[in-house]
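The values are calculated or read from the model by the stated rules, or taken from the named source; none is laboratory data. Given the structure is predicted, the values throughout are model-derived calculations rather than measurements. All Cβ positions, glycine included, derive from the backbone under ideal geometry; neighbour counts span all protein chains shown. Ligands, DNA and RNA are excluded from the accessible area calculation, which covers all protein heavy atoms including side chains. Shrake-Rupley method; radii C 1.70, N 1.55, O 1.52, S 1.80 Å.
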Amino acid sequence: MFRFALLALLSLQLGAQALRIDGGAAPMENIFKPVRAAFEARAGLRLELQENGPEVALLALDKGEVDAAAAGLSPASWFELMASRGHKGIRQEAFVARRIGFDKINVFLHGDLVLFELDKAQLKALFTGKATNWKDVGGPDLKVVVILGEKMPGTNKIFQEQVMDGAAYASAVRWSGSTPEVIQALAATPGSIGLGPLSALKAEKLTSPSTPEVGRPITLLTKGAPGPGLAKLLAFVEGEGKALTSR
């Protein structure tokens, strides 16, 4: 009897309808990953999440490969990003935008770096490569290693605009992938500094100094109105699941 019940449960799980969402670090790490287990248990739907960044996510949504795309960008900035990457065929009027949160972009340091505060000028010097040693900003005699995520263009763009006044990142930036990969690289690299969502502060061997506040809206895009399953997810995020999110 137990074996039969277990097989039945597995069959139900495998046969459950899937909601597919692709996007950037902010929505995935702060909203959808934290609510996934509770939502699946309550709604009987599988939540398939991919963190390929806003560009790939919107292309997938346009092709009908996912149910929604989400990113830490305003709709206008998102479509500007797509145009700058050469995607001229993406028509903004084909999509419905919904703000689902607000994310503060955090500056993270390798855990051995203990700096309680970095101001805008110091951050700009570090991320542009003007400051190459931590002693240049009041830290130890240690080389600065900037680590950024290639799959986090929204995070990088907002920080560049709000803190660096549009200046280019240092040519010596060490590029990683998505948020978990960036956090892993920061934790493993002495002297490193990088960016990430608020939820990443839980990672081991990282510190986060006090910095000027940098934030961005978290936007969800659908092609047309959200379907019934996605509507259930959005209602859960705004209701019962809200306490599980970081936004």
Expressed per residue, the solvent accessible area of the chain in Å² (1.4 Å probe) is about 48
Checking 28, 164, 152 against a Gaussian network model of the chain (alpha-carbon springs below 10 Å), the top fluctuating residue turns out to be 164
Mean separation of Cα contacts under 8 Å (at least 6 apart) over the residue count of the chain, i.e. the relative contact order in percent, is 30
Quick calc: nm separation of the 7 Å Cα→Cβ label points for residue 208 and residue 184 -> 2.1
In segment 70-203, taking the dipole from +1 charges on Lys and Arg beta carbons and -1 charges on Asp and Glu beta carbons about the Cα centre, the listed residue (114, 73, 87) farthest towards the positive end is 87
To the nearest 0.05, the calculated FRET efficiency linking residue 132 and residue 76 through their beta-carbon distance, R0 being 35 Å, is 0.50
Under the rule rounded for a/c under 1.5, else prolate if a/b exceeds b/c, else oblate, using alpha carbon gyration tensor axes a ≥ b ≥ c, segment 152-246 is classed as prolate
If one builds a Gaussian network model of the chain from Cα atoms under 10 Å apart, the most fluctuating residue listed among 141, 112, 67 is 141
At the level of C-alpha centres, the distance separating segment 112-133 and segment 182-247, in angstrom, is 23
By the Cα gyration tensor axes a ≥ b ≥ c (a/c under 1.5 gives rounded; else a/b larger than b/c gives prolate, otherwise oblate), the shape of segment 122-202 is oblate
Between the Cα axis of helix 153-162 and the main Cα principal axis of the chain, the angle (0 to 90°, nearest 10) is 40
Ignoring ligands and nucleic acids, residue 216 exposes an accessible area, probe 1.4 Å, in Å² to the nearest 10, of 10
Magnitude of the Cβ-charge dipole (Lys and Arg +1, Asp and Glu -1) of segment 130-192 about the Cα centre, nearest 20 debye, reported as 100
Per the helix-only model, the chain has a calculated mean residue ellipticity at 222 nm (DSSP H runs of ≥4, -39500 (n - 2.57) each, divided over all residues, rounded to the nearest 500) of -10500 deg cm²/dmol
To the nearest 20 debye, the chain has a Cα-centred charge dipole, built from +1 on Lys and Arg Cβ and -1 on Asp and Glu Cβ, of 400
Taking Cα atoms, the helix 53-62 axis meets the longest principal axis of the chain at an angle in degrees (rounded to 10) of 30
Under a 1.4 Å probe, counting only protein heavy atoms, residue 182 has an accessible area in Å², nearest 10, of 0
Within the set 101, 166, 154, GNM on the chain using Cα springs under 10 Å gives the largest fluctuation to 166
If one compares the long axis through the Cα atoms of helix 2-15 with the longest principal axis of the Cα atoms of the chain, the angle in degrees, nearest 10, works out at 70
Excluding residues fewer than 8 positions from residue 124 in its own chain, the lysines with Cα under 26 Å of it are 104, 135, 143, 151, 157, 202, 205
In the chain the accessible area split gives carbon plus sulfur, as whole percent at 1.4 Å, a share of 54
For residue 225 and residue 96, extending 7 Å from Cα along the Cα-Cβ vector and measuring point to point gives, in nm, a value of 0.6
